Each structure stands twice: as C-alpha cells, then as structure tokens.
Amino acid sequence: MVQKLVIYPDDRMNCTSTDVRSFNQTLWDVIEDMRDTMQAHDFNAMAAMQIAYPYNIILIKEGENYHEYINPRIIKNEDLFDSEESSIHYPDVTVSIPRYGKIKLVYEDRNGQVHYEDIDDRELAATLQRKIDITFGGNILDKVNKNTREKILSALAGKGLMPQTDDVCPTFSKKDYFVSFTDKLLILMGLSLFTPLFKFSKETVENIYTFDKIAFPLIIALMISFFFYAQYEAKKYKQCSSCQIGNNIGVMVKRSVAALAFAIGAYFLVNPY
C-alpha cells in the first residue's frame, strides 16, 4: 500500500529507528509498503522512516529488483569523495556531502540471514550511507555547516513548506495530561508504602489506605481513557505511525501494572484493618 511521505518539518525523521528482531509478516508488509511507495513516486531508494515506519530497513532499487537491507551497518569504509545529494525529506534541496566511495556492509535479509557485501560503486555507497544516516535519526542537513543549514531552512520556510495541521502528529498531545496525572498518583501510591516506617495515628493510616484504594481504580480509568484518546488521535492525525500507537499501549500497560503492584503492596503494608 502506498504510504504518505514524511516531509520537513515533520520531526519524526529525527528519531532513531529500531532494529528488526522479528522476521515475519509484519516486516514483509512494511517492505511491501515501501516498495509500493517507491514505485508510486519513482524513487530509487528509501528508508522505512521516510514513510513513518521506525524500523531499520532500507530498500534500494537495482534495475527492476529491490534489494532489501535489514539492520544494515557499515563495518569498513574508504575513498572519501564529495557527493551531491538530495533528500525526499527536503524537497528541491541539493547539498555536497563527504561520503565514502567504498564500504563494507553487514545486514540481514527478510528471513533474518546475515550477509556481507563489499560496495565500490560511489553512487550506491553514498545512497546507502544517506539512508543509514536516516535510520540513526540523521539527515543531509546534519552534514553541512550551520550557516548553510540555516539558509536552507529559511528558504524552505519561505516556500511555505508546512503540512496541514491534521497531517502531522503534534509535538505535545492532550493525552500527555493523562500520563502526567497518572504519574503523580503513582508517586503518591509508592510513597504510601513507607507508612509502616512512621508512627502515624490509626486515623492517618486509614486515610492513606483510603487514598490507595481510590487511586488504583482512578489510574486504571485514566489509562483506559488515555488509550481511547490515543486511538482517536491516531485517526485524526494521518501520519501517526503504528509504532506510536504501540508506544501508547506500552505506556498504558506499564502504568497499570505499577498501580496494581502498589495496590497489592498497600493491602499488605498499609491496610490498618
């Protein structure tokens, strides 16, 4: 399926991609989306993050075939030269960047098999280095001096190169309020476990335990609300990736488990009855 491109000023390109650990249908679906998007735009190379998949995957078109590089790493390089480069992320921008014309690469294929490849074609070597930079959260403007970078960004701003509000996930989300309040409740629940260390009156201990009993279901309710709001936001902002949604689930589960652990601790350590 053709996916939407991540174009400046969408700052997700600054995120480091995750190495692929599961070589299964999910990976193959991502590769298929990358290939479809490359074909739709007539691109010769792409990193997964360029269509908002934060995985360490690079596709290079060679003739009619697509070479798949999973978790690529450069282990040797030589033959430094100046490479004229452009990027999907920065439309109509071309810069000169020092690259190595010969590299030795280690990577995995779609089935998890390890391969080594010596590349002495300057164009291919430079392309792979550029795409590997992306997997580490870098881009071509990181390779130029500060003045050149500022001039290019000013020119892009002058072109009005800004996506519609609904196209890009906001830097700050209202769902963060759910997390912030939950974290405060968790801190208080954690502190309540130290109650036996102090000589509080029975009434004070009862109040602390009552707080724990209220805080636990409240945290669960907050995390459920967080999850549904995250789902709403993922649909509202078209470029929210599956990784971000996965992270939201992780946030919910981690805090719910912590709340459960504190609630059990409070039952055994704080319960005055």
Margin query: Of the residues THR37, THR26, THR16, only one is out of contact with any His (no Cβ under 8 Å at 6 or more places or on another chain), among the hydroxyl-bearing types (Ser, Thr, Tyr) and without any contact (Cβ under 8 Å) to a residue 24 or more places away in the chain; which?
Written below: THR26
Next item on the list: Collect the residues in region 89-106 that are open to solvent by 70 Å² or more (accessible area, probe 1.4 Å) and either under 26 Å from HIS41 (Cβ atoms) or of a type in the set (Ser, Thr, Tyr) (or both), keeping them in residue-number order.
Entry: ASP92, THR94, TYR100
Check: Looking at region 30-56, which of its residues are assigned to a strand (DSSP E or B) and either of a type in the set (Asp, Glu) or open to solvent by less than 10 Å² (accessible area, probe 1.4 Å) (or both)?
Finding: MET46, ALA47
Check: Say we look at region 204-224 and pick out the residues that are β-branched (Val, Ile, Thr) and open to solvent by 60 Å² or more (accessible area, probe 1.4 Å); which of these is modelled with the highest pLDDT?
Finding: ILE214
Notebook entry, point to check: Within region 57-69, is there a residue that is under 30 Å from ALA157 (Cα atoms), part of a loop (DSSP other than H, G, I, E, B) and over 25 Å from the mean Cα position of the chain (by Cα)?
Noted result: no
Check: Quick one: what pairs do we get from region 130-158, first residue over 18 Å from ASN44 (Cβ atoms) and of a type in the set (Phe, Trp, Tyr), second open to solvent by less than 10 Å² (accessible area, probe 1.4 Å) and assigned to a helix (DSSP H, G or I), C-beta under 9 Å, 6+ apart or different chains?
Finding: none
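The values are calculated or read from the model by the stated rules, or taken from the named source; none is laboratory data. Everything numeric here is computed off the predicted structure, so don't read it as measured data. For neighbour counting, all protein chains shown are included, and Cβ atoms are generated from backbone atoms with ideal geometry for every residue, glycine included. SASA here: full protein model, heavy atoms, side chains in, ligands and nucleic acids out. Shrake-Rupley method; radii C 1.70, N 1.55, O 1.52, S 1.80 Å.
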